[in-house]
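The values are calculated or read from the model by the stated rules, or taken from the named source; none is laboratory data. The shown structure was predicted, so the numbers you read here are calculated from the model rather than taken from an experiment. Here the Cβ positions follow ideal geometry from the backbone for every residue, glycine too, while neighbour counts run over all protein chains shown. Note: areas computed on protein heavy atoms with side chains; ligands, DNA, RNA excluded. Shrake-Rupley method; radii C 1.70, N 1.55, O 1.52, S 1.80 Å.
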Amino acid sequence: MQSLIGTGVALVTPFKADFSIDTEALIRIVNFSIDGGVEYLVILGTTAENAALSKEEMEFVIKTVVETNKGRLPLVLGLGGNNTAKLVEELKTRDFSEFAAILSVSPYYNKPTQEGIYQHFKAIAEASPVPVILYNVPSRTGVNMQPSTVLRLAYDFKNIVGVKEAAGDMIQALRLIKDKPKDFLVISGDDMIALPMVLAGGAGVITVIGQSFPKEFSEMIRLGLNGKINEANKIHYVFMDCIDMIFEQGNPAGIKQVFQSLGIAENTVRLPLVKTDESLTSRINQFVESINKLS
């Protein structure tokens, strides 16, 4: 899975003021990310507000991104949930010809045991016609997928090729990197520690902020992968404050405000999410202006 080393972006679903999908903005974001130099695109990750999209809207987003991409970059499809049987059925019936892999989030709300998580992903691995990237994000799911569970899955199933690790725990990430199979990808799901994870032996990042600053963020990751620590750190320190800001009032409200500041898309989210308040909006705008001056 060499094509998934580097920077992948977890694409937002842009909306118009009337909350309908903004097709033109989605096309702009895809092209902006590709032109900025990222390595792959993730469709319908949690940043895409999947919980607020209908089935028809999800299919429309997939179709739009696939058609806009035109085979330029590998595509990863977010396909996870807390109903194992439903996921297995979709894996058996969906056309995956356009996708390099799926990104499957650990079951949420149910709060399964580690054995339950293992059995869930065992069923997914056995049903999936494409490689599987596990997604651990305990702040959203309510349960941390322990390194021992991830490693057990990695060694038991050859088509489980990586994990997007978003616990925000560097020690946990180091345990995964230390004990993983040789070609297993430990991918940061946390923008703030993406570079430290890469420098420790990680495979890259699936990023939120990287879709709005694709040139800079993907270059930082490439520098890190090549061991150019000082150059990579220089970029990292520029973006640290903005990384904090985009998650301060929830994802993707923050990153959508960055897109609005850049003139690419509106900052519109669907309830129960709300857009950033005046204070945060002002600070994000000021950061974007400062980056524009540098470039």
Which whole-Hz couplings ³J(HN,Hα) result when phi for each residue of region 65-74 is put into the Karplus expression 6.51 cos²θ - 1.76 cosθ + 1.60, θ = phi - 60°, listed in order with x for Gly and Pro?
5, 4, 5, 6, 5, 6, x, 5, 10, x
Mean Cα-pair separation over length for region 239-295, i.e. relative contact order, pairs under 8 Å, 6 or more apart, %
30 percent
Which of LEU174, VAL30, MET197 sits farthest toward the positive end of the charge dipole of the chain, with +1 on the Cβ of Lys and Arg and -1 on the Cβ of Asp and Glu?
LEU174
So the carbon and sulfur contribution to the accessible area of the chain, 1.4 Å probe, in percent, is 52 percent
Loop only by DSSP, 16 or fewer other Cβ within 10 Å of the Cβ. Give me the trypsin sites (Lys or Arg not before Pro) in region 244-285 that pass, ordered by residue number.
ARG270
Apply the Karplus parameterisation 6.51 cos²θ - 1.76 cosθ + 1.60, with θ equal to phi minus 60°, to every residue of region 76-91 and state each ³J(HN,Hα) to the nearest whole Hz, in sequence, with x for glycine and proline.
10, 9, x, 8, x, x, 10, 10, 4, 4, 5, 5, 4, 5, 5, 4
Taking a probe of 1.4 Å and leaving out DNA, RNA and ligands, region 76-205 shows per residue an accessible area in Å² of 42 Å²
Please compute the volume of the convex hull spanned by the alpha-carbon atoms of region 51-165 and report it per residue in Å³.
107 Å³
Using modelled amide H (1.01 Å from N, peptide plane; none on Pro or chain starts), what sits under 5 Å from the amide H of ALA265, excluding residues fewer than 5 places away?
GLN260
Net charge of neighbours whose Cβ lies under 12 Å from the Cβ of THR23, counting Lys and Arg as +1 and Asp and Glu as -1
-1
If one computes the Cα centroid of region 181-219 and of region 42-97, what distance in Å separates the two points?
22 Å
In whole Å, largest first, the alpha carbons of the chain cover along the principal axes 50, 45, 35
Let me have the relative contact order for the chain, percent, based on Cα pairs under 8 Å that are six or more residues apart.
19 percent
Would you please give the residues with an amide H less than 5 Å from that of ILE160, counting only those at least 5 places away or on a separate chain, with H modeled from the backbone geometry?
VAL132
Loop-only trypsin sites (Lys or Arg not before Pro) in region 148-230, please: DSSP not H, G, I, E or B, and at most 10 other Cβ atoms within 10 Å.
LYS182
Loop-only check: which chymotrypsin sites (Phe, Trp or Tyr not before Pro) in region 1-49 are DSSP coil with at most 14 other Cβ within 10 angstrom?
PHE19
Region 17-26 - phi-based ³J(HN,Hα) in whole Hz, Karplus 6.51/-1.76/1.60, Gly and Pro as x:
4, 8, 6, 7, 5, 8, 4, 5, 5, 4
